[in-house]
Every structure is written in structure tokens, then in C-alpha cells.
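Readers should treat all values here as calculations from the given coordinates under stated rules, not as data from a laboratory. The model shown is predicted, which means the values in this text are computed figures rather than measured ones. Don't worry about glycine lacking a Cβ; one is built from the backbone with ideal geometry, like all the others, and counts go over all protein chains shown.
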Amino acid sequence: MQLTLLGTGCPSVDYKRFGPSNLVSTKKSSILVDCGSGVTQRLKEAKVSTANIDALFLTHLHSDHIVDFYQLIISSWHSYRVTSWRVFGPKGTKKFVKKLMDTWKDERTLRIKNEQRFSIQAFNVKVTEFRKYGKIKIKDLVIEYFTVDHKPVKYAYGFNFFHQNKKLTISGDTKPCENLMKYGQLTDVLLHEVFIEDEIHTFSKMRTKKTLHNVKAYHTLSTVVGKVAKITRCRKLVLTHFVPTQFNEKKLIDVVTKDFGKKPIIGKDLLKITI
Ligand SMILES: [Zn+2]
Ligand SMILES: [Zn+2]
């Protein structure tokens, strides 16, 4: 199984770190996890056609994770996709997809009529909403989903991908939570979000102490993520979803290594990890 980091950023724009998105693939299957800003450009760079993606899994419905959804759909049609999309996401995904498809309906109708392509299946989006916990099999991959704690976001999930006795855990956006430590046990690779303390400061009235406090409160701090990883006893820790997107790498590695006992991998857009 291979993990490709497509976007390792956060809502702040950074041309080196695009919006959150990851691809999990094997020889037989490819699953996209989230579709943040720039996802289709990164897929193109990674030489993965949107026509061949088996399913899209959404960790939660924060805009940085789903903002390029329509771009993904339309771009897949332009990449000659002839199959419908399967989307798995939290409660609210059906409503989100319906509203978005409705927003673009007039434009789409005109385009379909004008372009006269063989298939319009790419616009057929089948949504399955998660329960609290479950397992889904897609070709040779088994995906286990479990709730994480990203409150006040009500529905947020982490994922385990299983393939040939290997396990990949994706934290999604979360503060330290028991479920992640439970389901992430002995994982081969833990891909975890991080909020880097001391690298983000108040900015006039637009980023107050209260703003910082609230944002920090639903993420996992750099001074904590190594401890979480240690509890999971993961083989490798890969960090992503960097808030902020630019920071002192050496300092972050040192802080996390102290807690984890091993050196973490600092994720970068288009980094590939074989598991
Ligand atoms: Zn979030
Ligand atoms: Zn996020």
C-alpha cells in the first residue's frame, strides 16, 4: 500500500503546502481522503487520473478538507471518467453534496449539452454517511472509520487502512483523543495532524488570544503529538496539516522526537510512503 500526501497545509494559503488531501493506493485500488484546495493539481503531478479513483473518504466537513469537491468532479469528467463517484463521509455529507451539485446545475446542464461527451456518470455522486464506527471494503482495501474529537465539529473521523497485514492510520483533524490511541494501536504508519505551538501569534483584532485558544483547542499540539504517537506504539509517525504552514522544521523534529522516542517524518506535498 502506498500513501501519497497531496496537500499538507491548512486553511491558510501556501503554494508549497496545498489544502489537506491524501491518496491511499495499491496496485488495484485508489482512495482519496479529503479534497482540499489544489487536490486536482497535485493528483496530476502525482500522475493519478481522477477517472480512476475508486472512492472519496471525507474526515469531516471543514471547508479546507472539501473546498475542491466540485473541481474534483468536473475534472474527473474532463479526464474521461465513465463511472459514478462513491463518497463516504460524516453526517451532513449528503446535504453538502446535494447543495453543491445544485449550485452548479445550470452551468453543468449547459456544459453537458455543449460538450456532447459519451458519459455523464462522473456527475452521479453516491454518498454513504458514516455511523459511529464501521468497516468498508473497497477492492483489496479495508477501511475502518472511527470518531475523533474535533469539537465543536460534531462529526469528525479518523481512518485505518488495512492491506496485506499492513496498517495505515490517518488521524483526521483532532485534538488528542482516546479513540485514535485505541484504533491506532501498533499501526505501521500514523499520519497525524499538528498545530505548532510558538509559531503562531496574535495579529491585531483578527487573531486574538481567544482565536488562538479556540483553534488550538481542537487540534493536537506539537508538544503533545509525540506523546500520542508513543501511546499508539506506531512504527512511523508522519506529520501533516501543519498550522502554520511555515515553521522551524528542526525545532519541530526535536520537540516531537523527545516525546516519541523516534524521529517523525515531516510531511511534504507529493511525498510518497510505501507501507
Ligand atoms: Zn478541521
Ligand atoms: Zn483542517
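Quick look at the numbers
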| read-out | value |
| --- | --- |
| Ratio Rg/Rh [Cα only; Rh per Kirkwood] for the chain | 0.97 |
| Cα centroid of segment 60-129 to Cα centroid of segment 243-275, whole Å | 34 Å |
| Relative contact order %, segment 171-275, counting alpha carbon pairs below 8 Å whose residues are six or more apart | 34 percent |
| Relative contact order, percent, the chain [alpha-carbon distance under 8 Å, six or more residues apart] | 19 percent |
| Extension gain (nm, one decimal) between Leu271 and Asn248, 0.36 nm per residue minus Cα-Cα | 6.4 nm |
| Reciprocal of mean inverse Cα separation for segment 19-96 (Kirkwood radius, Å) | 12.4 Å |
| Whole-number percent relative contact order across segment 177-231, with pairs defined as alpha carbons under 8 Å at least 6 apart | 47 percent |
| Folded to 0 to 90 degrees: helix 105-115 orientation relative to the chain principal axis, Cα | 60 degrees |
| Long-range Cα-Cα pairs in segment 209-258 (distance over 12 Å), rounded percent | 69 percent |
| Cβ-placed point charges (K, R +1; D, E -1), dipole of segment 57-208 about Cα centre in debye, nearest 20 | 880 debye |
| Loop-resident sites, segment 234-275, for trypsin sites (Lys or Arg not before Pro), counting at most 15 other Cβ within 10 Å (DSSP) | Arg235, Lys262, Lys268 |
| Chymotrypsin sites (Phe, Trp or Tyr not before Pro) lying in DSSP loop within segment 64-144, provided at most 11 other Cβ fall within 10 Å | Phe118 |
| Segment 41-150: trypsin sites (Lys or Arg not before Pro) falling in loop per DSSP and having at most 10 other Cβ within 10 Å | Lys47, Arg131, Lys132 |
| Unit charges on C-beta of K, R, D, E only; dipole of segment 1-51, Debye | 220 debye |
